[in-house]
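A short worksheet on the structure shown next.
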Amino acid sequence: MKKIFAICLVFLFPTMALAQLSQGVRCVQDQLNAAGFDAGPNDGQAGPATRRAIAAFQQSHETVSSRRVASRRLDVTLGNSFCRTIGNLRPDLRAFWPSRESGHFELKFTPSVGPDLREMIGLSLESAYTSATANLQVELAGIDTIIVGSTPSELRALIREHAEIPLRISSQRLTDACGSFRGISGGAAPGLMWLCAPADPETASKREKVWLDFLLAHEAFHMIQFQLSGAIDVKFGSETVLNFHGPVWLSEGSAQAFGSRFSTYDADWRFRIVNYRQLEGRFPDLKGLEAASSLKARKPAVYRAGTVASIDLIDLFGYPKIAAFYENLGRGLKWKAAFEDAFGITVVDFYYHYANVPRFLDSGDPIPGPLKRLVADPT
């Protein structure tokens with residue numbers, strides 16, 4: 001369940017059945033042209049005419065709305081985010097949202113994936129997207145592509161065919177995904193989820209259903225994060241990546257929390273207790289789990305501490321504020337400003353809460369139920 005941060009934003013537009021990222025840019029162009037702002041031809045490319053039209057549209061709405069389209073420069077990964085923001089400012093333009101016509105995603109299977117597993121994946125994904133958007137209280141504008149193969153070579157071919165931005169996914173990562181003891185594994189990138197599902201029909205049995213639901217819900221949550229916030233290449237440096245993506249503890253922790261909620265139908269706080277026990281009372285400093293590189297260097301800590309912290313945020317503020325945070329990133333706020341705007345507290349104050357909120361009873365057992373009291377720094 002690794003999110004792919006290593007992406008290269010070289011604007012290549014291969015021919016495919018569904019161009020999931022450039023389709024978002026075309027949505028922006030359609031909306032702006034319909035609103036009377038000349039965005040140029042509907043070509044899915046974020047050129048000067050489209051950017052000028054965005055600036056003009058933005059200026060016209062500054063007097064009636066404080067929610068700017070974005071201060072970020074439009075590129076292909078931001079198409080769905082900009083498309084959605086424009087539609088939210090002008091609801092009459094939402095008719096151009098790709099999702100209004102085609103749903104949340106399109107599935108692409110290789111012939112080796114059997115019909116039972118295809119059906120199971122399709123039903124689970126549809127339910128996961130529906131549940132995630134309901135919990136986050138968002139309507140998605142764009143469509144994601146989900147590719148499913150049974151071998152590394154099949155996945156490599158599907159990625160070449162359907163990825164609109166080149167993805168640096170190592171052969172070892174694909175091999176590991178296809179050799180998962182769970183039977184199915186994968187990852188997410190802007191507009192594209194990839195899954196390796198063994199051809200053995202036994203893996204589609206009911207005993208794998210909870211894991212399948214968890215995995216697909218986790219990755220679907222990442223896909224929604226990408227639709228709201230866009231992406232940036234790691235070559236720009238860790239601080240810039242952090243400001244565009246937000247801290248990895250929150251990205252992975254919130255996806256873990258939702259994955260558990262969706263697959264087990266249980267309260268979020270119960271999954272937090274599971275992670276308490278995995279941490280064995282040692283709660284890592286979240287500051288050290290912000291950068292994308294920490295997912296590789298300190299993976300268990302990112303998932304466990306990130307889940308605990310994310311569920312604290314969900315307890316205090318609810319899932320919709322998680323969505324608001326990623327929307328803010330898409331609009332161009334740096335991550336700490338995006339956090340404060342979404343949750344109404346500073347990162348420093350939340351880190352104090354995370355480190356100091358009572359988590360255990362006098363007996364040593366974890367406190368049950370949601371932790372709805374924000375612990376503030378007395379100084």
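The values are calculated or read from the model by the stated rules, or taken from the named source; none is laboratory data. The model shown is predicted, which means the values in this text are computed figures rather than measured ones. No Cβ is skipped: glycine too gets one built from the backbone with ideal geometry, and neighbour counts run over all protein chains shown. Ligands, DNA and RNA are excluded from the accessible area calculation, which covers all protein heavy atoms including side chains. Shrake-Rupley method; radii C 1.70, N 1.55, O 1.52, S 1.80 Å.
Here are the numbers for this structure:
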| item | result |
| --- | --- |
| Surrounding net charge for Phe96, when Lys and Arg each add one and Asp and Glu each subtract one, Cβ distance under 14 Å | +1 |
| Taking N as its residue count, the alpha carbon Rg of region 325-379 over 2.2 N^0.38 Å | 1.43 |
| Cleavage-rule hits (trypsin sites (Lys or Arg not before Pro)) in region 73-138: DSSP loop, at most 11 neighbouring Cβ within 10 angstrom | Arg73 |
| Enclosed volume per residue, in Å³, of the convex hull spanned by Cα atoms of region 225-379 | 114 |
| Residue-normalised accessible area of region 33-127, given per residue in Å² at a 1.4 Å probe | 50 |
| Cα-Cα P(r), region 48-165, percent of pairs per 5 Å interval | 2, 9, 16, 17, 17, 14, 10, 7, 5, 2, 1, 0 |
| Carbon + sulfur, % of accessible area of region 180-330 - ligands and nucleic acids excluded, 1.4 Å | 54 |
| Qualifying GluC sites (Glu not before Pro) in region 85-155, DSSP loop, other Cβ atoms within 10 Å at most 14 | Glu139 |
| Heavy-atom surface of region 284-379, accessible at 1.4 Å and reported per residue (Å²) | 45 |
| In Å², nearest 10: area of Asp92 left accessible to a 1.4 Å probe | 100 |
| Qualifying trypsin sites (Lys or Arg not before Pro) for region 264-336 [loop in DSSP, other Cβ within 10 Å: at most 14] | Arg282 |
| Given charges at Cβ of Lys, Arg, Asp, Glu: the chain dipole, positive-most of Trp211, Phe96, Val25 | Val25 |
| Ranked packing of 26-34, 240-248, most packed first, by mean Cβ within 10 Å | 26-34, 240-248 |
| Correct choice for Rg and Dmax of the Cα atoms in Å that was computed from the model, options (1) 20.6, 67; (2) 21.2, 62; (3) 32.2, 132 | (1) |
| Dipole of region 113-204, positive direction: furthest Cα of Leu174, Ile121, Gly191, with charges on the beta-carbon | Leu174 |
